[in-house]
Amino acid sequence: MLYLDPLTEGFIQAVKSIYQVDIDPTSILLNPTKKEFEGDYTIVLFPYVKDLRQTPEMIGERLGVYLVKNVQIVKSTNVIKGFLNVELSDKYWVDSLQSISSTKAFGHKESNGKKVVVEFSSPNTNKPLHLGHIRNILLGWSCSKILAAIGYEVMKVQVVNDRGIAVCKSMLAWEKFGEGQTPTSTGIKPDHYVGSFYVLFETKFQEEYAGWQNSKEAKAVLDTEIKEGQSEEEFYKGYKNNYFNNYSSLGKEAKVMLLKWEDNDKYVKDLWIKMNNWVYEGFETTYDKMGVTFDKLYYESDTYLLGKKTIDIGLERGIFYQKEDGSVWIDLEDVGMDQKIVLRSDGTSVYITQDIGTAMARYEDFGFDKMAYTVADEQDYHFKVLFEILKRFGEPYADELYHLSYGMVDLTTGKMKSREGTIVDADDLMKEVITEASESTKDRGELDELSDSEKEEVIRRIGLAALKFFIIKVNPKKRMTFDPKESLDMQGQTGPYVQNAYVRIQSILRKYDGKIDSDFTTYVNLFEEEKSLMKLLMEYPSRVEEAGNNYDPSTLANYCYNLAKEFHRFYHGVRILKAESPEAKNYRLTLSSKIAAVLKDGMDLLGIQMPSRM
């Protein structure tokens, strides 16, 4: 931590002076002192016992005396077992706040000259964006902003999955049952409209399947393929995919449509373009509501052909091998994985093939140094294989690939299924939390003096903060359950709680209604609440960097919550506008103003806007 460099440098010099031993700066374990002990920061002494050949207590006593005598910012020290507690001078806290206040873009770093590509969202065009997409989008978007804050040039991309059998199901259902209607004629949001036909296809398919089960053909299949001990119900439940591929009329029509698409049939292609454009229009509306943009879109209808040219190269280099049936594989058993197909015997590619080609195409587009894929954890193995293949191709970025893996999101009502129409659409969820936010503000009356449009904007920001923060605060790798009501709890670990701290500071500054005087250099006898708040404030740059380096926005979300919580404690523990002295008032107003700036910036990096009032 930059502001503690004099302490760590003094500690290194103390060890050198007293024991004639050089220590590695990275070995110094420095943490805020626990509240039950006296001091501001604690240095762990156990790592040095072996080299310094004394007990931790003796080491601490000798080093403490040196620090008080030779390091200007150290006021006093005490030793508790193997821990050296250090109390810093009042001047240190005053000087640190002045330094932070004069720092432009506090917490942000200058350009490091490196580029990173972040892929996220990547939806299918057979259905609208849903709750699962929301977590994906929020993680990708916030990581993009955080990476930019720590010095990277960031390119935000997505692959739109705009082809395949699922898309053809929606197209076929509209063709058979849509009666020529459109999103405009029905007044339904375009992506929702297309998604309804994906659900309708499944409904019609289930009806067809149920009817088939009573046929002689089904009984013959049942008699020959049912396993011993398996019930008829269990058999048919597990046989659905076989039925779709081998017996279903709807399944046959959908597959014929897919083949026509691949053959560039004009009617099918025109229908595909029309319905995909409906979906894109709907996606854009949702992205706009979420405050999300992309730098480049890739489409699976283009990328599915990418990677095929790498097959011949891989065969020539011995990276791939070909079986007798003509299929092409890679053997990854030497790195703990299995053998993976990269080209089918009929010459068609698989997902891993197009991902190889897409990665190479992106490098041609951007010349990036790093790339992160925001994809659910069910694809963990897929990305291990992809990254290993790219390493074997010797791609220059292969060691800087990252799978931003995340757990699924459930609702309090349970799991969701797209085909059955139980998915919670992103638009509906945003509307729900904004409605909840509106209801929660009615009783408090704080917005009464605002115009209707101003109220609407404040409520929108509160609702979206509730949704976004509740999801982002959870470590990406953990599965989670979203609860709309809990996300708005003003006393919980929520976005509105953090917003409330910011709004409270704005209220204080409005009451002061003047330019904050920066003259507080003579301020002494700081309160414990002031020091605790300063400690957290000084952590901001390192927390932003940690979140970016680990692709983990939850680090920053939880920091913002802790900072807001500490400010609320500070607010109740000391007087600000009626402080004991002008110097104390100036210090506390400056500190409050900087806390507000950091809360606003930190939440912005998470994609969350602050309201002016609540």
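The values are calculated or read from the model by the stated rules, or taken from the named source; none is laboratory data. Given the structure is predicted, the values throughout are model-derived calculations rather than measurements. Note that each Cβ is placed from the backbone with ideal geometry, even for glycine, and that neighbours are counted across all protein chains shown. For accessibility, only protein heavy atoms count, side chains too; no ligands or nucleic acids. Shrake-Rupley method; radii C 1.70, N 1.55, O 1.52, S 1.80 Å.
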Answer with yes or no whether ASP399 is touching a residue at least 24 places away in the same chain (Cβ under 8 Å), open to solvent by 40 Å² or more (accessible area, probe 1.4 Å), farther than 16 Å from VAL118 by Cβ and not β-branched (Val, Ile, Thr). no
So THR481 ticks every box in (1) assigned to a loop (DSSP other than H, G, I, E, B); (2) in contact with a strand residue (DSSP E or B) (Cβ under 6 Å, 6 or more places away or on another chain) but one. Which box is left unticked? (1)
Hey, among LEU390, LEU386, LEU315, which residue is outside any loop (DSSP other than H, G, I, E, B) and within 22 Å of the chain's Cα centre (by Cα)? LEU386
So ILE330 clears everything in (1) in contact with a strand residue (DSSP E or B) (Cβ under 6 Å, 6 or more places away or on another chain); (2) part of a loop (DSSP other than H, G, I, E, B) except one condition, right? Which one? (2)
Which of the residues spanning the range 273-311 are over 27 Å from the mean Cα position of the chain (by Cα) and at positive phi? GLY307
Listed by first then second residue, the pairs whose first member lies in the range 234-249 and is in a helix (DSSP H, G or I), whose partner is surrounded by 12 or more Cβ atoms within 10 Å (Cβ to Cβ) and not β-branched (Val, Ile, Thr), with beta carbons under 7 Å and at least 6 positions apart or on separate chains, are PHE235/LEU222; TYR236/GLN213; LYS240/TYR209; TYR243/TYR209; TYR243/TRP212; PHE244/GLY251; ASN245/GLY251; SER249/GLU208
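Quick grid of which residues meet (1) farther than 18 Å from ARG569 by Cβ; (2) assigned to a loop (DSSP other than H, G, I, E, B); (3) out of contact with any Phe, Trp or Tyr (no Cβ under 7 Å at 6 or more places or on another chain):
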residue: GLU486; (1), (2), (3): yes, no, yes
residue: MET490; (1), (2), (3): no, yes, no
residue: VAL498; (1), (2), (3): no, no, no
residue: TYR502; (1), (2), (3): no, no, yes
residue: GLN506; (1), (2), (3): yes, no, yes
residue: ARG510; (1), (2), (3): yes, no, yes
residue: GLY514; (1), (2), (3): yes, yes, yes
residue: MET534; (1), (2), (3): no, no, no
The range 307-346 - residue that is touching a Leu at 6+ places or on another chain (Cβ under 7 Å) and within 20 Å of THR358 (Cβ to Cβ) and, of those, most open to solvent (accessible area, probe 1.4 Å): LYS340
Options LYS535, LYS511, LYS515: the member that is of a type in the set (D, E, K, R), surrounded by 15 or more Cβ atoms within 10 Å (Cβ to Cβ) and more than 20 Å from the chain's Cα centre (by Cα): LYS535
Could you please let me know if ARG460 is of a type outside the set (Ser, Thr, Tyr) and more than 32 Å from the chain's Cα centre (by Cα)? no
Among the candidates ALA547, ALA557, ALA597, ALA564, which residue alone is more than 22 Å from LYS109 (Cβ to Cβ) and small (Gly, Ala, Ser)? ALA564
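The rows are residues; the columns are (1) in a helix (DSSP H, G or I); (2) closer than 16 Å to ILE146 by Cβ; (3) open to solvent by less than 50 Å² (accessible area, probe 1.4 Å); (4) touching a residue at least 24 places away in the same chain (Cβ under 8 Å).
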{"site": "TYR540", "(1), (2), (3), (4)": "yes, yes, yes, yes"}
{"site": "GLU546", "(1), (2), (3), (4)": "yes, yes, no, no"}
{"site": "ALA564", "(1), (2), (3), (4)": "yes, no, yes, yes"}
{"site": "LEU577", "(1), (2), (3), (4)": "no, no, no, yes"}
{"site": "ASN586", "(1), (2), (3), (4)": "yes, no, yes, yes"}
{"site": "SER612", "(1), (2), (3), (4)": "no, no, no, yes"}
Would you confirm whether or not the range 100-114 contains a residue that is under 22 Å from the mean Cα position of the chain (by Cα) and charged (D, E, K, R)? yes
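Among the residues of the range 151-175, which ones are open to solvent by less than 10 Å² (accessible area, probe 1.4 Å) and hydrophobic (A, V, I, L, M, F, W, C)?
Of the range 151-175, the ones open to solvent by less than 10 Å² (accessible area, probe 1.4 Å) are 151, 157-158, 160, 162, 167-168, 170-173.
Selection gives VAL157, VAL160, VAL167, CYS168, MET171, LEU172, ALA173.
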Say we look at the range 436-459 and pick out the residues that are open to solvent by 70 Å² or more (accessible area, probe 1.4 Å) and assigned to a helix (DSSP H, G or I); which of these is modelled with the lowest pLDDT? LYS442
Report every pair of residues separated by at least 6 positions or lying on different chains whose Cβ atoms are under 6 Å apart, first residue within the range 38-59 and of a type in the set (Asp, Glu), second open to solvent by less than 10 Å² (accessible area, probe 1.4 Å). ASP40/LEU88
Quick test for you: out of ASP355, ASP288, pick the one residue that is open to solvent by 70 Å² or more (accessible area, probe 1.4 Å) and not small (Gly, Ala, Ser). ASP288
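Whether any residue in the range 518-527 is part of a helix (DSSP H, G or I) and either within 30 Å of HIS403 (Cα to Cα) or open to solvent by 40 Å² or more (accessible area, probe 1.4 Å) (or both) is what I want to check.
Checked the range 518-527: no residue is part of a helix (DSSP H, G or I) and either within 30 Å of HIS403 (Cα to Cα) or open to solvent by 40 Å² or more (accessible area, probe 1.4 Å) (or both).
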Among residues belonging to the range 235-259 that are within 39 Å of the chain's Cα centre (by Cα) and among the charged types (D, E, K, R), point out the one that is farthest from THR203 (Cα to Cα). LYS255
Please tell me if ASP191 is part of a helix (DSSP H, G or I), open to solvent by less than 10 Å² (accessible area, probe 1.4 Å) and at negative phi. yes
Pairs, first over 17 Å from VAL292 (Cβ atoms) in the range 111-134, second assigned to a helix (DSSP H, G or I) and open to solvent by 20 Å² or more (accessible area, probe 1.4 Å), C-beta under 8 Å, six or more apart: LYS115/PHE366; ASN124/ALA166; THR125/TYR280; ASN126/ALA166; ASN126/LYS169; ASN126/TYR198; LYS127/TYR198
Can you give me the number of residues within the range 250-275 that are of a type outside the set (Lys, Arg) and free of Cβ contacts under 8 Å to residues at least 24 places away in the same chain? 9
Lone unmet requirement of (1) open to solvent by less than 40 Å² (accessible area, probe 1.4 Å); (2) on the phi < 0 side of the Ramachandran plot; (3) modelled with pLDDT of 95 or more for SER121: (2)
If ARG504 satisfies all but one of (1) at pLDDT 95 or above; (2) over 30 Å from GLU583 (Cα atoms); (3) open to solvent by 50 Å² or more (accessible area, probe 1.4 Å), what's the number of the condition it fails? (2)
Restricting the search to the range 204-248, which residues are open to solvent by 70 Å² or more (accessible area, probe 1.4 Å), within 29 Å of GLU175 (Cα to Cα) and in contact with a helix residue (DSSP H, G or I) (Cβ under 7 Å, 6 or more places away or on another chain)? ASN245, TYR247
Would you kindly identify the helices (runs of 4 or more DSSP H) lying entirely within the range 1-77 that contain at least 1 residues that are among the small types (Gly, Ala, Ser) and open to solvent by 30 Å² or more (accessible area, probe 1.4 Å)? 5-19
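In this structure, does LYS384 turn out to be in contact (Cβ under 8 Å) with a residue 40 or more places away in the chain, over 27 Å from CYS143 (Cβ atoms), of a type in the set (D, E, K, R) and open to solvent by 40 Å² or more (accessible area, probe 1.4 Å)?
When the stated conditions are applied, LYS384 does not pass them.
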